[in-house]
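I have placed the structure first, in the form of structure tokens, so that the comments after it can refer back to it.
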Amino acid sequence: MLSPGVIVDIELFAHWIFSHANYGGPVTLYLVRHAAAGHRSPFDNDLDLDLDRQLNDVGHEQAAALTEFFAQMSVRSVWSSLATRCFQTVRPIAAHHGLEVVPQHFLTEGARPVDFLEALRAESSLKGDLVLCSHGDLIPEVVSRLLREGMTVVGPRGCEKGSVWSLETRGRDIVRASYTARPVSPG
């Protein structure tokens, strides 16, 4: 209870509450780099055609490993770049959890990292974990921006194909991250 005469800046108070509350409980956002795909060279001059590039045999093995990695997690949604190789990477994860893959333009190669970050923050206060599959140009840039904003990283860093960045949230803030180069089943 406030004492008489105490003046509260309601906007500042609301911002503090919003930034320190975690409305849906702990949330982890998983940034997945798509698994190994066919060679880029036939598509070098046409990004639209490159969207159709598919996973190779190694990529399908990586997608299976990712499915095992996420099997026991409470995944509420699976989002993907518009690229076929991203859909193929996370479709088995979505199927395991009874979900559909949701295509998101801001996850597609060449998109603006600021749009990616805005979406992460918007999702960070909702209940349940979110898997997002993107590319080697966006994920390192997003992680770099989060580091400049104060996020800490536990362990190594990288962005190999088929790898996962696990981002821990507190309200809309992304506060801590860890990197898994070659995900395996936690069990």
Report, to two decimal places, the Cα Rg of segment 26-180 normalised by 2.2 N^0.38 Å (N = number of residues).
0.97
Can you sort Leu99, Leu138 by how many other beta carbons sit within 10 Å, fewest first?
Leu99, Leu138
Please name which of Pro113, Leu126, Phe69 has its Cα lying farthest along the dipole of segment 26-180 towards the positive end, using unit charges on Cβ (Lys, Arg +1; Asp, Glu -1) and the Cα centre as origin.
Leu126
Rough spin-label spacing in nm, given labels placed 7 Å along Cα→Cβ, for His96 and Arg112
3.5
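Each value in this text was obtained by applying a stated rule to the coordinates, not by laboratory testing. Since the structure is predicted, the reported quantities are computational estimates derived from the model, not experimental observations. When we count neighbours, we look across all protein chains shown, and the Cβ atoms used for this are built from the backbone with ideal geometry, even at glycine.
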